[in-house]
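Input: a single structure, listed below in structure tokens.
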Amino acid sequence: MSLKLGAHVDQEDPLAEAADRGADLVQFFLGNPQDYKAPKLAYADGEEALRERSAAAGVDLYVHAPYRLNVANTNNRIRIPSRKLLQQTLDKSAEIGVKGVIVHGGHVGDEDDPEAGFDNWRKCIERAELPVPLLIENTAGGENAMARQLERIERLWEAVQASGNDRLENVGFCLDTCHFHAAGEELATVVEKVLAITGRIDLIHANGSRDEFGSGADRHANFADGHIDPADIVAVVKAAGAPVVVETPNADHGQKTDIDYLRSHLG
């Protein structure tokens, strides 16, 4: 199986980071993932240079949207800046020529009706311009999360499809192994179940988990150190047949070790 494998890397020089890991693709942020500031490319030579050099090197680029972004939230002071930042991230990513922008499904408040969050997603996609694919990622915890368990993902996907956006083909799914493990979803059957809901898996976040099954904790671990059998991660990647981003710790070249493990077990 020939799939592109890579890692989440520092944003200053993603191509150098790709070479260091022997990666076919890289994922990175456009600025601080914990604030609402407009996205800014850290690569010193600019958007055009990164686009041309990544293409010449055969390295695909992905951008992860800021963690603070939450388009599902019922609080206008969170939702409205989140929509604006998401669009800015999509637009900036298009200048770089990325293969996709990954965004978390978000959540509503503990006292809120989750249907409000799903409808906010519908409105977001309805109004969004999608110059590059937007890949919605499942999340690990939160009782009122939009994309934690499969039944919530199904409702979210229905809302997205109801948006009527004329570029719905540019809304896809990113499957995170650690997050589904933490959410209490069995990895052995999760690809089949996600495909039954979405019809597509566009990207895999292949991560071990520091914590046990159903913990709700979003704490990634290297394959050899976590509570997920590495063979189960390989099985998910094989079943999905999608490009892979490793988001594991990189101490002692841990990401390269995990990428090499996948490459040697994918045949």
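The values are calculated or read from the model by the stated rules, or taken from the named source; none is laboratory data. Note that this is a predicted model, so its numbers are computed, not measured. Glycine also receives a Cβ, built like all others from the backbone with ideal geometry; neighbour counts cover every protein chain displayed. What goes into the accessible areas is simple: the full protein's heavy atoms, side chains included, and nothing from ligands, DNA or RNA. Shrake-Rupley method; radii C 1.70, N 1.55, O 1.52, S 1.80 Å.
Could you grab me the full set of residues in the range 2-17 that are among the hydrophobic types (A, V, I, L, M, F, W, C), under 25 Å from residue 238 (Cα atoms) and open to solvent by 30 Å² or more (accessible area, probe 1.4 Å)?
3
Test of understanding: among 265, 205, 179, 220, which residue is more than 25 Å from residue 29 (Cα to Cα) and either in contact (Cβ under 8 Å) with a residue 24 or more places away in the chain or within 17 Å of the chain's Cα centre (by Cα) (or both)?
Within the list 265, 205, 179, 220, the selection yields 265.
Counting just the residues of the range 25-46 that are open to solvent by less than 50 Å² (accessible area, probe 1.4 Å) and in contact with a Lys or Arg (Cβ under 8 Å, 6 or more places away or on another chain), which one comes out modelled with the lowest pLDDT?
Checked the range 25-46; the qualifying residue modelled with the lowest pLDDT is 35.
Does at least one position in the range 53-68 carry a residue that is in contact (Cβ under 8 Å) with a residue 40 or more places away in the chain and assigned to a loop (DSSP other than H, G, I, E, B)?
Yes, the range 53-68 contains at least one residue that is in contact (Cβ under 8 Å) with a residue 40 or more places away in the chain and assigned to a loop (DSSP other than H, G, I, E, B).
Tell me which residues, restricted to the range 249-264, are crowded, with 21+ Cβ neighbours inside 10 Å and either among the acidic types (Asp, Glu) or under 20 Å from residue 185 (Cα atoms) (or both).
Matches in the range 249-264: 258 only.
For the range 210-225, which residues satisfy the criterion of being open to solvent by less than 40 Å² (accessible area, probe 1.4 Å) and within 11 Å of residue 249 (Cα to Cα)?
221, 222, 223
Would you mention how many residues in the range 80-125 are of a type in the set (D, E, K, R) and either in contact with a Phe, Trp or Tyr (Cβ under 7 Å, 6 or more places away or on another chain) or under 19 Å from residue 148 (Cβ atoms) (or both)?
Residues in the range 80-125 being of a type in the set (D, E, K, R) and either in contact with a Phe, Trp or Tyr (Cβ under 7 Å, 6 or more places away or on another chain) or under 19 Å from residue 148 (Cβ atoms) (or both): 8 in total.
If the requirement is being out of contact with any Phe, Trp or Tyr (no Cβ under 8 Å at 6 or more places or on another chain), in contact (Cβ under 8 Å) with a residue 12 or more places away in the chain and farther than 20 Å from residue 218 by Cβ, which of these qualifies: 128, 159, 145?
So the residue among 128, 159, 145 that is out of contact with any Phe, Trp or Tyr (no Cβ under 8 Å at 6 or more places or on another chain), in contact (Cβ under 8 Å) with a residue 12 or more places away in the chain and farther than 20 Å from residue 218 by Cβ is 128.
With respect to residue 56, determine if the residue is farther than 30 Å from residue 123 by Cβ and either over 19 Å from the mean Cα position of the chain (by Cα) or not acidic (Asp, Glu) (or both).
So residue 56 fits the description; yes.
Take residue 207 and decide whether it is in contact with a Cys (Cβ under 6 Å, 6 or more places away or on another chain), modelled with pLDDT of 95 or more and not aliphatic (A, V, I, L, M).
yes
What are the residue pairs meeting all of these: first residue in the range 103-116, first residue more than 21 Å from residue 204 (Cβ to Cβ), second residue assigned to a loop (DSSP other than H, G, I, E, B) and open to solvent by 30 Å² or more (accessible area, probe 1.4 Å), Cβ atoms under 7 Å, and 6 or more apart or on different chains?
Matching pairs, first to second residue: 107/142; 108/74; 109/74; 110/143; 112/74; 116/74.
Filtering the range 214-267 down to residues that are touching a Leu at 6+ places or on another chain (Cβ under 8 Å) and outside any helix (DSSP H, G or I), which residue is farthest from residue 183 (Cα to Cα)?
Taking the candidates together, the pick is 266.
Can you tell me which residues in the range 236-247 are open to solvent by less than 50 Å² (accessible area, probe 1.4 Å) and farther than 16 Å from residue 137 by Cα?
241
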